[in-house]
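Take a look at the structure set out below.
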Amino acid sequence: MKSDSIKFRNAKTHAINAGLQKPSGDGEPTVHVYMYLKNHTYPYVISLGNFVVLKTKEGETKVLDEFGESIPLPHRVPERQGFHKGDLLAIKSFDQTIEGQYKEALKSIDQALKEAPNSYRLHNNRGVLLILMGKPHADAQNEFTTAIKLNPSCAAAYTNRGWLSIAVDKPSLAVDDANAALKIEPNLNSAKLCLVRSNLEEGKKEDAVALIEESGLSNKNDAHSLKLQAETFIANKDYKSARLALRKLMLINSNDADAILQLAYVCDMEGNLDEAIGRARQAAQLCPENPTVHEILGRYLEKARDDRAAALQYEAALDLLNQWVPKDRQKKALSVEGALLRTLMRCDEFKLAERWSGTIAREFPKSANAHYNRAWLLSQGPEDYHIKEALQEYDLALKLDPGLKQTHYNLALLSMKTGDKQRAESELKLFIELAPDDPDNESAKSLLAKLQAEQKQ
């Protein structure tokens, strides 16, 4: 589109795009100019507006919005005083979003809604800004739904509501919205991505790769498209195609740590563990404060049997455990702790392992698995007091989670070690009863029979 105001904005963010939009009924098609979020996990769409391109008698091209107004340049007054205040505030909010001033953009859009409460575009854009500001997803969803009610031809709102469904782990709801958006605006790239992503999240990996070809996404070279191509190829174990997509992605941004880690995974799957380790090290250098990157590097190093180097990475991850989001923190920390204890014990570093198990148990005092891990570690200790504390930790783990059936077997083994045959018998009986399908069930029966035979002698 040959418009100075749009070209000026596009110079600030190459995420501005345009597509032909088909209105419902007999209305004339318009050109939808929008911006998608390049640096967000999901490419939400913020609309600048719908425009028509007209030629004057003098042969000059003019880009006009749906009200017949020429859009002003950023921070400039409109061509005439009659320019609608609500639209001017909407444009201001759009420009503030380009600058990353999300708080100010939300304030501008709230002011705009006072002037134009029935603007579908304002409600759509407000929904995206609420997401950017970390507001409740339900509030954003209400804005997208309102935009659709006000204008059933608002492809951006359908697309954004679809992405929101994916963000809250409801990908099945995204399919209808993505298809509705594409019916209105067939070339809306974000809607195509949403449709592929929803299929991938639902486990329909063959459908996802077929959609990439059918929709033309395989010919797209923007970051969002390449990332989704790579993920879809990886899901289908097409590592050659995934590697190609990732190499293209790294041409756009050689410091994209996520892409580098995906490439490390592809290398590992192709049997090139050394390159996988090298890529993971590269990602760790780029994101030294990211615990997940250290964990991934640790896993590759452990796979290469470099336990000391792996343990250092696991320790680095646990040092940064507060960087994980609260809802995932405990689960991730316990997973890394298990790997750390395993590698440290193979390196004969019991004292260091014991300190770490104590640290994690204190960090998550109500976690049965944290106490279970510590109990297992202490049971390997050389001193009698290690065994005594291990028994206490197993008891606490069972108190917190009676469903940890394996704990009964471990308690039986430790009780036999301390000479408490009565408790050992009791724990073995409980384990045999509660875990009939456990691989250790037969061993438990043999131990119980041996104990009972000894008591009869």
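The equivalent ellipsoid of the range 220-287 has semi-axes of 17, 16, 8 Å, largest first, where each one is the square root of 5 times an eigenvalue of the Cα gyration tensor.
Between THR418 and GLU201, the contour length at 0.36 nm per residue exceeds the alpha carbon distance by 73.0 nm.
In terms of other Cβ atoms within 10 Å, CYS154, CYS194, CYS287, CYS267 run from fewest to most in the order CYS287, CYS267, CYS154, CYS194.
According to the Kirkwood expression over distinct Cα-Cα pairs, how big is the hydrodynamic radius of the range 222-333, in Å?
Computed over Cα pairs of the range 222-333, the Kirkwood hydrodynamic radius comes out at 14.4 Å.
When Lys and Arg each count +1 and Asp and Glu each count -1, what net charge do the other residues less than 12 Å away from ASP176, Cβ to Cβ, add up to? Around ASP176, the surrounding residues sum to +2. FRET efficiency for the pair GLN406 and SER172, taken as 1/(1 + (r/R0)^6) with r the Cβ-Cβ distance and R0 = 41 Å, rounds to 0.70. Both the radius of gyration and Dmax for the range 393-457 are 11.5, 38 Å, in that order, over alpha-carbon atoms. The range 263-307 and the range 412-457 have their alpha-carbon centroids 42 Å apart. Taking a ≥ b ≥ c as the square roots of the Cα gyration tensor eigenvalues, the range 269-391 comes out oblate, since a/c reaches at least 1.5 and a/b does not exceed b/c.
Exposure proxy shown here: for LEU129, LEU89, the number of other Cβ atoms within 10 Å sets the order, fewest to most, as LEU89, LEU129. Whole-Hz Karplus values for the range 283-288 come out as 5, 5, 5, 6, 10, x Hz, taken residue by residue from phi with 6.51 cos²θ - 1.76 cosθ + 1.60 and θ = phi - 60°; glycine and proline positions read x. Applying the Karplus relation 6.51 cos²θ - 1.76 cosθ + 1.60 with θ = phi - 60° to the range 91-96 yields 3J(HN,Hα) values of 5, 4, 4, 4, 5, 5 Hz, where x marks Gly and Pro.
Shown here for the range 201-296: trypsin sites (Lys or Arg not before Pro) in loop regions (DSSP other than H, G, I, E, B) with at most 16 other Cβ atoms within 10 Å, namely LYS237. Rounded to the nearest 10 degrees, the angle from helix 102-115 to the longest Cα principal axis of the chain is 50 degrees.
For LYS38 and LYS456 in one chain, what is 0.36 nm times their gap in residues minus the Cα-Cα distance, to one decimal in nm?
Here the answer is 143.0 nm.
Taking the chain as the reference, fit the longest principal axis to its C-alpha atoms, fit the long axis of helix 406-418 to the helix C-alpha atoms, and give the angle between the two in degrees, 0 to 90, nearest 10. Approximately 30 degrees, to the nearest 10. Of all lysines in the structure, the ones whose alpha carbon falls short of 20 Å from that of LYS450, not counting any fewer than 8 places away in one chain, are LYS417, LYS421, LYS429. Of the residues ILE184, GLY203, SER415, the one whose Cα sits farthest toward the positive end of the charge dipole of the chain, with +1 on the Cβ of Lys and Arg and -1 on the Cβ of Asp and Glu, is ILE184.
Against the main long axis of the alpha-carbon atoms of the chain, helix 441-456 sits at an angle near 20°. Calculated from the alpha-carbon coordinates, the range 154-222 shows an Rg and a Dmax of 10.9, 30 Å respectively. Checking every one of the trypsin sites (Lys or Arg not before Pro) in the range 337-413 against DSSP loop status and a limit of 11 other Cβ atoms within 10 Å picks out LYS366.
Counting Lys and Arg as +1 and Asp and Glu as -1 over every other residue whose Cβ lies under 15 Å from the Cβ of GLU425, the net charge comes to +3. Among VAL33, VAL175, VAL209, VAL128, the ranking by other beta carbons within 10 Å of each residue's beta carbon, starting with the fewest, stands as VAL175, VAL209, VAL33, VAL128. Extension gain, SER443-ALA309: 0.36 nm per intervening residue step, less the Cα-Cα distance, totals 44.7 nm. Annotation note: GluC sites (Glu not before Pro) in the range 219-293 located in DSSP loop regions with a Cβ neighbour count of at most 11 within 10 Å are GLU289.
At an R0 of 60 angstrom, the distance between the Cβ atoms of ASN219 and LYS366 translates into a FRET efficiency of 0.70. Mean projected area of the Cα convex hull of the chain, taken over all directions, amounts to 27.8 nm². Zone of LYS429 (label point 7 Å along Cα→Cβ, backbone N under 16 Å): which residues in the range 393-411? Flagged as within label range: 408-409.
Each reported figure results from applying straightforward, stated rules to the coordinates on display, with no laboratory input. In this text, all values refer to a predicted model and were calculated from it rather than measured experimentally. Every residue, glycine among them, receives a Cβ derived from its backbone with ideal geometry; neighbour counts consider all protein chains shown.
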